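Please read the structure below before turning to the comments.
The values are calculated or read from the model by the stated rules, or taken from the named source; none is laboratory data. Remember, it's a predicted structure, so these values are computed and weren't measured experimentally. Quick reminder, even Gly has a Cβ in these numbers, built from the backbone with ideal geometry, and neighbours come from all protein chains shown. Accessible surface areas use protein heavy atoms only, side chains included; no ligands, DNA or RNA. Shrake-Rupley method; radii C 1.70, N 1.55, O 1.52, S 1.80 Å.
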Amino acid sequence: MRSLLLLLPLALLVACGGGEKAAPTCEEGCAVNQVCEEGLCVCDTDAVDCDADMSNGCEPASTCFCAFEGDAAFCERNGASCGFLAAADNCGNRRVIDCGAGSCPADQSCGAEVRNVCGEGECRAESIEGICAALEWQCGRGMGTDRCGEAHEIDCGDCPAGFACNPRRECTKDGIGPWEVCFAMGVDYGPCAPNLECVGGESYAVCVPLCSEEVACQSPWQCADSYFGNGIGLCGDLRMHLESCQPEIEGPGFCWDDTGTLACVSSTCHYVCDVQGQGEVPCPAGLFCGSTWRDAPELGNGVRVRVCQ
């Protein structure tokens, strides 16, 4: 499985999710990576509007970062009005969200007819196998919620011989090692080794080591807890503020702390307080958001940021 996202801390992804700005007309002139269609400027083939601002052009899809949708939007998009929903969000990350425990009318129950939807009658929980299927767990053990909203300690079994259960509870075969290329220019180079996942953009991806409460990092790496915002972390040689670094997609020496705003900018870890002018994120105590814009190629082509000083 290949996750199509760039590795950016969750707080920075959320901060980039500003309101969408209207597309310019062709008379006004189209910007970079745009073409004219029916009088309006639209993104050209293989380009996307990363920052929801058509006035400054479009960006190559391989460099676009993703703004996570909120819990309410996540539930609405999946048609869920009650109970716990396990599904992929708009950025391709699997999340488990409470879409309204106890929100059904008195004469209805959650999951009576359809999972995560209020229906007539009493809810009947599915089997353990059904819960595993709904959660898309192929293997492993953990807490899972049935269609009626009840939590269970479930066992989804072991993988076949020659396969291993990764942190996402998927069976994967021995394969490509950490930070080695698993996908490039439309070509899949094979599966990642156990506990690694193929992560990157539309044109390039590498195998990265994942971690969770159940799966620890191999020594000497540490776990960047909940790096993907859904209980799944990323293993690495975690770097601190002002230490040297490299982008997560290139090696293990990446920036991380509990704020989620520490990022690699020009090969040094900085607290990023503004990305592309989408609004400031508070700096840690004792620091302030600087006024100078810096190029941040590690975060994508053309991305500019301000950092805490």
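Residues whose amide H falls under 5 Å from that of S266, counting only those 5 or more places apart or on a different chain, are E298, with hydrogens built in the peptide plane. Each residue of segment 135-150 was assigned a 3J(HN,Hα) from its phi angle through the Karplus curve 6.51 cos²θ - 1.76 cosθ + 1.60 (θ = phi - 60°); the sequence is 7, 6, 8, 8, 6, x, 10, x, 8, x, 10, 7, 5, 9, x, 8 Hz, with glycine and proline shown as x.
The residues packed around C283, meaning those with a beta-carbon under 12 Å from its beta-carbon, carry a net charge of -1 if Lys and Arg are +1 and Asp and Glu are -1. Around the amide H of C192, modelled in the peptide plane, lie the amide H atoms of I176, C198, all under 5 Å away and 5 or more residues distant in sequence or on another chain.
Return the whole-Å distance between the Cα centroid of segment 236-309 and the Cα centroid of segment 135-170. For segment 236-309 versus segment 135-170, the Cα centre distance is 35 Å. Charges were assigned to the Cβ only: +1 to each Lys and Arg, -1 to each Asp and Glu. The resulting dipole of segment 115-160 about its Cα centre is roughly 100 debye. Under 5 Å between amide hydrogens, built in the peptide plane, is the criterion, and for R239 it picks out F254, C255, W256 among residues at least 5 positions away or on other chains.
For E150, the accessible surface of its heavy atoms amounts to roughly 110 Å² (probe 1.4 Å, protein chains only, rounded to the nearest 10).
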